[in-house]
Amino acid sequence: MAQPGLAFGQAVIGPPGSGKTTYCGAMRELLAALGRLVAVVNLDPANDALPYPCAADIGELVTLRDVMEHLKLGPNGGLLYCMEYLEANADWLRDRLAPLRGRYVLFDCPGQVELYTHHAALRNVFGRLASWGFRLAAVHLVDSHYCTDPGKFISVLCTSLSTMLHVELPHVNILSKMDLIEQYGKLAFNLDYYTEVLDLSYLVDHLASDPFFKNYRRLNEKLVEVIEDYSLVSFVPLNVQDKASMRRVMQAVDKANGYSFGDSEHRSLEALMSSAVGADFHFTSTLAVQEKYVQPQEKTVEEEAMAI
């Protein structure tokens, strides 16, 4: 049973253009349809066109446009300043969140990678939220089409791992925009290879077939070793227009932030035990996603390369 005074929610993070705001709007609608009291809090000072009802907006405190104009900062420096300003004025955020007790809160965060990999301001804000009784999971969105480029996928893995270690929250990594996954090329392997981050030596071998990356094989091998040594990164595929896909993400996040163990909705003993022991495998659902969004190939990418 959830403790009195606790509030559950999601910190929606990721690079610009990965679909964070769209995700917040879609997740808000799904949770509301399930009967949850849900609120969205905008922590992105660059987001001045919100497509969802906003319970609290950082724009009331500081905006990126004003910071850039008055302090003569660029967009990156301006966002860092805004987050530092939010950290210094945490009382403002606490006052805005006070009326939201009892609601499930979605925090729509800025789209700047540095904030999640090595800058401390936003991590400190998350720490303040935890001290106020918020039990959050970080939902880290990245574009799924990066899977079609081995070099970019290794970069995504490094960024995701760095974010998980720096943010210090329970973490769910999302491959967003699954309906566009093959927009820029074909997958070299089955989708579960990317979602479960299986033996990455195959990815290094595939990358080495490119003359440009052949000279960087040892570097890629070392990066892959770091990722596999930590063995933390995996992904949940998502298309926000697919209700079943949204429910799978919701279930993964509910396990991460502990909401599954509350009493606000009907939960069976089987579901709770599945969450506790990790018995809920995702292979079948990932296979269904692949059949839905990935075009079947007569030959693999490796076979085509060998033929050439």
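The values are calculated or read from the model by the stated rules, or taken from the named source; none is laboratory data. What you are looking at is a predicted structure, and each value in this text was computed from that prediction instead of being measured. Glycine gets a Cβ as well: all are built from the backbone with ideal geometry, and neighbour counts include every protein chain shown. Heavy atoms of the whole protein, side chains included, go into the accessibility calculation; ligands, DNA and RNA do not. Shrake-Rupley method; radii C 1.70, N 1.55, O 1.52, S 1.80 Å.
How much FRET efficiency would the formula 1/(1 + (r/R0)^6) give for Tyr184 and Glu69, where r is the Cβ-Cβ distance and R0 is 41 Å, rounded to 0.05?
Approximately 0.70, to the nearest 0.05.
Please compute the length gained on full extension between Leu219 and Arg247, using 0.36 nm multiplied by the number of residues separating them and subtracting their Cα-Cα distance.
Numbers: separation 28, 0.36 × 28 = 10.08 nm, distance 3.83 nm.
Stretched fully, the Leu219-Arg247 segment lengthens by 6.3 nm.
Per 0.36 nm of contour for each residue apart, how much would the distance between Leu34 and Arg128 grow if the chain were fully extended, relative to their Cα-Cα spacing?
31.0 nm
With an 8 Å cut-off on Cα pairs and a minimum separation of 6 or more residues, tell me the relative contact order of the stretch 21-67 in percent.
Answer for the stretch 21-67 is 33 percent.
Can you sort Tyr23, Tyr202, Tyr259, Tyr85 by solvent-accessible area, 1.4 Å probe, largest first? Please list the in-between numbers first.
On the way: Tyr23 0, Tyr202 130, Tyr259 20, Tyr85 85 Å².
Solvent-accessible surface, decreasing: Tyr202, Tyr85, Tyr259, Tyr23.
Which FRET efficiency value, to the nearest 0.05, do you get for Trp92 and Glu196 by plugging their Cβ-Cβ distance into 1/(1 + (r/R0)^6) with R0 = 45 Å?
Efficiency, rounded to the nearest 0.05: 0.60.
Set the bar at 27 Å for Cα to Cα. Now go through Lys20/Lys152; Lys186/Lys243; Lys222/Lys243; Lys72/Lys177 and name every pair that lies beyond it.
From Lys20/Lys152; Lys186/Lys243; Lys222/Lys243; Lys72/Lys177, over 27 Å: Lys222/Lys243; Lys72/Lys177.
Normalising by the residue count of the stretch 140-265, find the relative contact order in percent from Cα pairs under 8 Å and 6+ residues apart. It would help to have the intermediate numbers written out before the result.
Values: 138 pairs, mean separation 40.3, N = 126.
Rounded, it is 32 percent for the stretch 140-265.
Using a 1.4 Å probe on the protein heavy atoms only, what accessible surface does Thr63 show? Give it in Å² to the nearest 10.
40 Å²
Once ligands and nucleic acids are excluded and a 1.4 Å probe is used, how much of Asp143 is accessible, expressed in Å² to the nearest 10?
20 Å²
Compare Arg123, Arg65 by solvent-accessible area with a 1.4 Å probe and give them largest first, with all protein chains kept in place.
Values: Arg123 70, Arg65 160 Å².
Order by accessible area, largest first: Arg65, Arg123.
Enter the accessible area of Leu198 (Å², nearest 10), with the probe set to 1.4 Å and all protein chains included.
Surface open to solvent at Leu198 totals about 80 Å².
Put a dot 7 Å past each Cα toward the Cβ at Ser209 and Asn76; how far apart are the dots in nm?
According to this spin-label approximation, the distance is 3.4 nm.
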